[in-house]
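Asks: Can you keep this structure in mind? I'll have questions shortly.
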Amino acid sequence: MDAKDRIVNDGVIVVNGGKIEFVGTFDDVPGSFGTETYRSIISASGCVAIPGLVNTHTHSPMCLMRGYADDLPLQEWLEQKIFPVEARLSPEDTYWAAMLSCIEMIKSGTTTFADMYFSMDDVARAVEEVRMRACLSVGITSDETDYEPKLRDVASFCERWHNQAGGRITTMFGPHAPYTCSPELLKDVSTLAHEMELGIHIHVSETYKEVEDIRAKYGVSPVELLNSCGVFDGRTLAAHCVALSEEDIAILAEKKVAVSHNPGSNMKLASGVAPLGKLIASGVTVGLGTDGSSSNNNLDMFEEMRLASLLHKVSNFDAVAVPAYTSLKMATIEGAKCLGLDYNIGSIETGKRADIAIVDFNQPHLVPRTDILSHLVYSAGGADVITVVVDGKVVMENRKIMTVDEEEVMEEVNFRAKKLLSGSNVD
């Protein structure tokens, strides 16, 4: 996924100290890279190595509510079902759920994710133990006037965790959405984010109802409101962006706002179809996200790539609307750009951190190997990923998670979900 769009056949990747030192063919490996120098060699014959996938928007602890309250519109789903359960969540619930989501993402080739939730210290703890890479945001959902203590807590979280876990954890500010945050709060968040040189991760124009409600209350669109509050003056990641006008798109492009496209969640909640083609044509950087696994209902970025291509082909009656390579870029290098991490990850290039997923092409549904890019998007699935490397460390080998006890995590989450959804507190 480099600037030359290279596919290297019979390739070799040399990793040392967490960084990629060489990418090329077997015949071109420098003599100085003798096999005796390296502690391990991963043989991936018949496989395809790709950059670790980047999930630009999710809520990892929401796997506790996977399969709960399905087939409802967004506002009813949130206000009547999800919020009451979330009110009972303990920090330990959040920790174990984040652990499970990290495992799920690794097992489907995702090495980096952007998360927004509460009890984010516990999410950070899970990321550190599982050895993933993450950009974490504490969700701010109050429009109360006395929000300063909350902002101080959020700033403190960012100070504690930014560039921690060997640099694998970064942070952003996470005002939830313009319909849950007052303009005053949005302005203060923007000022604080600028002072701390951090970005903002926020839901924007997810539904047409949201746009109607914001226009009725403030006389402008959500995009126009956020722009007037200074939210777009720094690095901003806007999730969803379904209901956009031409004027909205122009603002996003002018302000260099990155967009996280979540086709699976948007389809399931019947939110609508984001104007992906117009965003890309306007120069907006677009990555892919799954949203939480309570509205998707999984964290498989291979599925998201396929949905992105298919949804926009059929909605535009255009078979070439979103080619396979465009979806793959959104899931890798463009996603890294959304998080401000493209200098470090998103492509397999010398000098970048070694975040790599190995996809087993020795599968009936991936034969014949007519077109590797096409197969990755239209034929492969997360279960085809056999080995994952994050920051030069093997975190999954032959489908086995190497860092934590997968069975223990699943058992714990099953127990906690059963208690929570029955109306009880676990801790």
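The values are calculated or read from the model by the stated rules, or taken from the named source; none is laboratory data. Here the structure is a predicted model, which is why all the values come from computation and not from measurement. Cβ sites come from the backbone with ideal geometry, for glycine too, and all protein chains shown count toward neighbours. For accessibility, only protein heavy atoms count, side chains too; no ligands or nucleic acids. Shrake-Rupley method; radii C 1.70, N 1.55, O 1.52, S 1.80 Å.
Asks: Stick to Cα atoms and the Kirkwood definition of Rh, then tell me Rg/Rh for the stretch 330-373.
Replies: Computed over Cα atoms, the ratio is 1.11.
Asks: Follow-up question, since we're still on this one. Percent antiparallel among DSSP beta bridges with both residues in the chain, to the nearest 5?
Replies: 40 percent
Asks: Quick one: among ALA69, ALA258, ALA336, which has the greatest mean-square fluctuation in a GNM of the chain with alpha-carbon springs under 10 angstrom?
Replies: Between ALA69, ALA258, ALA336, it is ALA69 that shows the largest mean-square fluctuation.
Asks: Right, here's the next one. Aspartates and glutamates near LYS329 by alpha-carbon distance under 13 Å, same-chain residues fewer than 8 away left out - which ones?
Replies: ASP2, ASP5, GLU304, ASP342
Asks: Please work out the ratio of the alpha-carbon Rg of the stretch 16-145 to 2.2 N^0.38 Å and round it to two decimals.
Replies: Normalised Cα radius of gyration, the stretch 16-145: 1.44.
Asks: DSSP loop chymotrypsin sites (Phe, Trp or Tyr not before Pro) in the stretch 29-103 with at most 16 other Cβ atoms within 10 Å of their Cβ, which ones?
Replies: PHE33, TYR38, TYR68
Asks: What does the accessible area per residue of the stretch 125-245 come to in Å², with a 1.4 Å probe and no ligands, DNA or RNA counted?
Replies: Value returned for the stretch 125-245: 40 Å² of accessible area per residue.
Asks: With an 8 Å cut-off on Cα pairs and a minimum separation of 6 or more residues, tell me the relative contact order of the stretch 261-375 in percent.
Replies: 20 percent
Asks: Next question, about the same structure. Classify the stretch 68-201 as rounded, prolate or oblate from the Cα gyration tensor: take a ≥ b ≥ c as the square roots of its eigenvalues, call it rounded if a/c is under 1.5, otherwise prolate when a/b beats b/c and oblate if not.
Replies: Judged from the Cα gyration tensor, the stretch 68-201 comes out oblate (a/c at least 1.5, b/c at or above a/b).
Asks: Related question: Rounded to the nearest 0.05, what FRET efficiency do TYR343 and HIS194 have when you use their Cβ-Cβ distance and R0 = 30 Å?
Replies: Here the calculated transfer efficiency is 0.90.
Asks: Please list, by residue number, every one of the GluC sites (Glu not before Pro) in the stretch 141-194 that is coil in DSSP and has at most 12 other beta-carbon atoms within 10 Å.
Replies: The qualifying sites are GLU144.
Asks: Let me ask something additional. Could you sort LYS107, LYS187 by their accessible area in this structure, using a 1.4 Å probe and putting the largest first?
Replies: Result of the area sort, largest leading: LYS187, LYS107.
Asks: Something else: What's the carbon and sulfur percent of the chain's accessible surface, probe 1.4 angstrom, rounded to a whole number?
Replies: Here it works out to 49 percent.
Asks: At 25 °C and 0.890 mPa s, what whole-number value in µm²/s does Stokes-Einstein give for the translational diffusion of the stretch 147-288, with Rh from the Kirkwood sum over Cα pairs?
Replies: Translational diffusion coefficient: 158 µm²/s.
Asks: Another question, if that's okay. With a cap of 12 neighbouring Cβ atoms within 10 Å, and only residues DSSP puts in a loop, list the chymotrypsin sites (Phe, Trp or Tyr not before Pro) found in the stretch 294-325.
Replies: Answer in residue order: PHE317.
Asks: Out of all Cα-Cα pairs in the stretch 330-427, roughly what percent, to the nearest whole number, are more than 21 Å apart?
Replies: Tail of the P(r) past 21 Å holds 56 percent of the pairs.
Asks: Shape verdict for the stretch 240-338, please, from the Cα gyration tensor: rounded (a/c under 1.5), prolate (a/b greater than b/c) or oblate.
Replies: In terms of gyration-tensor shape, rounded.
Asks: For the chain, how big is the tail of P(r) above 40 Å, as a whole percent of Cα pairs?
Replies: For the chain, the share of Cα pairs beyond 40 Å comes to 14 percent.
Asks: Using a ≥ b ≥ c from the Cα gyration tensor of the stretch 296-375 (square roots of the eigenvalues), is it rounded, prolate or oblate, where a/c under 1.5 gives rounded and otherwise the larger of a/b and b/c decides, a/b for prolate?
Replies: Oblate is the answer for the stretch 296-375, as a/c is 1.5 or above yet b/c matches or exceeds a/b.
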